[in-house]
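K.L.:
Below you will find the structure I want to go over with you.
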Amino acid sequence: MHHFQYKDGVLYCEGVSLEGVAREVGTPCYVYSHSTLIRHYRVMEEAFSAFPHLICFAVKANSNLAVLRALVREGSGMDIVSGGELFRALRAGADPTKIVFAGVGKTEREMEYALRVGILMFNVESEQELETLQGVACRLDTKAPVALRVNPDVDPKTHPYISTGLKKSKFGISIKEAVKEYEKALSLPCIEVKGVHCHIGSQITQVEPFVDALQRVLVLVEELREMGVGISYVDMGGGLGIQYKDEDPPPPSELARSVAPLLAERDITLILEPGRVIAGNAGILLTKVLYLKKGELKDFVVVDAAMNDLARPSLYGAYHAILPVVEKPLGGMVADVVGPICESGDFLAQERELPALDRGDLLAVMSAGAYGFTMSSNYNSRPRVAEVMVKGGEFWVVREREAYEDLVKGERIPAFLLEG
Ligand code: LLP
């Protein structure tokens, strides 16, 4: 459920017409629905309310300060993967004791930053990382709270680029090696073992892979507890899918119902790291048709947004529904929706059935609230687009469109090139 609906033939985000947003802010821009974000967070929160849990929003999905702030106000924690994401989370007012830090390549500097602000725990992904964290924590005369990220070797049945829990994956520690690594962690005086972490992938549309993974993790938890290791947290990562086209992902309540029996009477706080399921359908990319172009084999709709603004179609062949802002019946044309970038891979949709479009028509690229703006770049020296948040009948520009000056920020021409 989201709040992008037609009213009298015009697409609205909550009470705001997307035509109005385009007129005032220009295109392309991302538009986020505050009510949808909050609703998704609350659905997740309610689903898991029967047992101790903490929701840590995956900042990588959407790291706009206003989005983070909206979730912080709901009580959300944050799942981060870099010092930059930690900076953003804190800037948005996140409680450091609700922040978990994953990623295979944390630097000492990032570790120090996170230790100083007092995050909940590091999700450690290798033995060398553990040793490095031990060094940094001892130097700061503190103890680093950790979970080891284990790799349960479960197939999440999703796109290979976003499957992360398989044996061949770069993420985590093999579950078979885990006991050995926990023994190692216990021997390190500046490391405090707190939990077990796993994350098996993203855009998962079934409950079974989550249940499989959790079962395997809980076997490990029991083994560790028998060894006297105090495990208070099981972090099962994120990954719950959303509907882009005809997927039928389980609602959070179904996931919660499936994992509840596994967690009963275990004295464990469950951590969840949802990203897409909260932000995905809370945002769209608003774009305008520049040109209609007839090729020899295909027709093209050239729009002002491109793969640098929304990389998912080019990168994963991802499907995003595209709706005309002013309602028109489908069936007028079949075309590729492409951007201005000089790459054949620059498309938002391929061979898509569309209404008969005209130059200047506005289009909404749906389900773009997660991994949309956060994966955008300045490729082809395109300024990054504006981000807008709607609440009720009002909207706010929550990130300004970049200017040409922003493109060269920090660049310098050395003096020798200025001579002569
Ligand atoms: N936790 C960890 C450790 C993760 O690596 C991820 C996502 C999440 C949580 C959040 O997963 P979610 O609930 O959003 O599925 N760019 C890709 C998705 C990459 C996901 C990477 N990790 C896309 O656009 O589909």
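The values are calculated or read from the model by the stated rules, or taken from the named source; none is laboratory data. Note that this is a predicted model, so its numbers are computed, not measured. Methodologically, a virtual Cβ is constructed for each residue, glycine included, from the backbone with ideal geometry; neighbour enumeration extends over all protein chains shown. The accessibility values were calculated without ligands, DNA or RNA, using every heavy atom of the protein model including side chains. Shrake-Rupley method; radii C 1.70, N 1.55, O 1.52, S 1.80 Å.
K.L.:
What is the ratio of the Cα radius of gyration of the stretch 186-226 to 2.2 N^0.38 Å, where N is its residue count, to two decimals?
P.N.:
1.50
K.L.:
What's the local net charge at LEU357, with K and R +1, D and E -1, over the other residues with C-beta under 12 Å away?
P.N.:
Around LEU357, the surrounding residues sum to +1.
K.L.:
Let's see if you can work this out: charge +1 on each Lys and Arg Cβ, -1 on each Asp and Glu Cβ, no other charges. What is the dipole magnitude of the chain about its Cα centre, in debye to the nearest 20?
P.N.:
Computed about the Cα centre, the dipole is about 380 debye.
K.L.:
Which order do the peptides 332-339, 220-227 come out in when sorted by mean C-beta neighbours inside 10 angstrom, highest first?
P.N.:
The packing order, highest mean first, is 332-339, 220-227.
K.L.:
Also, quick follow-up: If you put +1 on each Lys and Arg Cβ and -1 on each Asp and Glu Cβ, how big is the dipole of the stretch 293-340 around its Cα centre, in Debye rounded to 20?
P.N.:
Approximately 80 debye in magnitude.
K.L.:
Now for a different question. What accessible area per residue comes out for the chain, rounded to a whole number of Å², with a 1.4 Å probe?
P.N.:
Ligands and nucleic acids excluded, the result is 45 Å² per residue.
K.L.:
Output the Cα-based Rg and Dmax of the chain in Å, rounding Rg to one decimal and Dmax to a whole number.
P.N.:
Calculated on Cα positions, Rg and Dmax stand at 22.9, 78 Å.
K.L.:
Take peptides 247-257, 19-29, 381-391 and line them up by average Cβ neighbours within 10 Å, highest first, as a rough protection proxy.
P.N.:
By packing density, highest mean first, the sequence is 381-391, 19-29, 247-257.
K.L.:
Could you let me know the centre-to-centre spacing of the stretch 364-420 and the stretch 199-254, using Cα atoms, in angstrom?
P.N.:
35 Å
K.L.:
Looking at this model, which pairs from LYS106/LYS184; LYS60/LYS98; LYS170/LYS194; LYS98/LYS391 are more than 21 angstrom apart at the alpha-carbon?
P.N.:
LYS170/LYS194; LYS98/LYS391
K.L.:
Rounded, prolate or oblate: pick one for the stretch 268-420, where a ≥ b ≥ c are the square roots of the eigenvalues of its C-alpha gyration tensor, a/c under 1.5 means rounded, and failing that, prolate if a/b is larger than b/c, else oblate.
P.N.:
Since a/c reaches 1.5 but b/c is at least a/b, the shape of the stretch 268-420 is classed as oblate.
K.L.:
Here's something else I'd like to know. What residues have an amide H closer than 5 Å to that of ALA58, excluding those fewer than 5 places away on the same chain, when H is modeled at 1.01 Å from N in the peptide plane?
P.N.:
Counting only residues 5 or more places away or on other chains, the set is ASP79, GLY275.
K.L.:
Given a 1.4 Å probe and heavy atoms of the protein chains only, how would you sort LYS106, LYS328, LYS245, largest accessible area at the top?
P.N.:
LYS245, LYS328, LYS106
K.L.:
If you don't mind, there's one more thing I want to ask. Taking the Cβ of THR205 as the centre, find all other residues whose Cβ is under 15 Å away and add up their charges (Lys, Arg: +1; Asp, Glu: -1).
P.N.:
That sum, taken over residues with Cβ under 15 Å, equals -4.
K.L.:
Multiply the residue gap between GLU131 and ARG359 by 0.36 nm, knock off their C-alpha separation, and tell me the result in nm, one decimal place.
P.N.:
76.2 nm
K.L.:
For a quick check of understanding: with a 1.4 angstrom probe and all protein chains in place, what accessible area in square angstrom does ARG91 have, to the nearest ten?
P.N.:
150 Å²
K.L.:
If you roll a 1.4 Å probe over the stretch 103-272 with all protein chains in place, what percent of the accessible area is carbon or sulfur?
P.N.:
Looking at the stretch 103-272 in its full context, I get 47 percent from C and S.
K.L.:
Report, to two decimal places, the Cα Rg of the stretch 103-272 normalised by 2.2 N^0.38 Å (N = number of residues).
P.N.:
1.05
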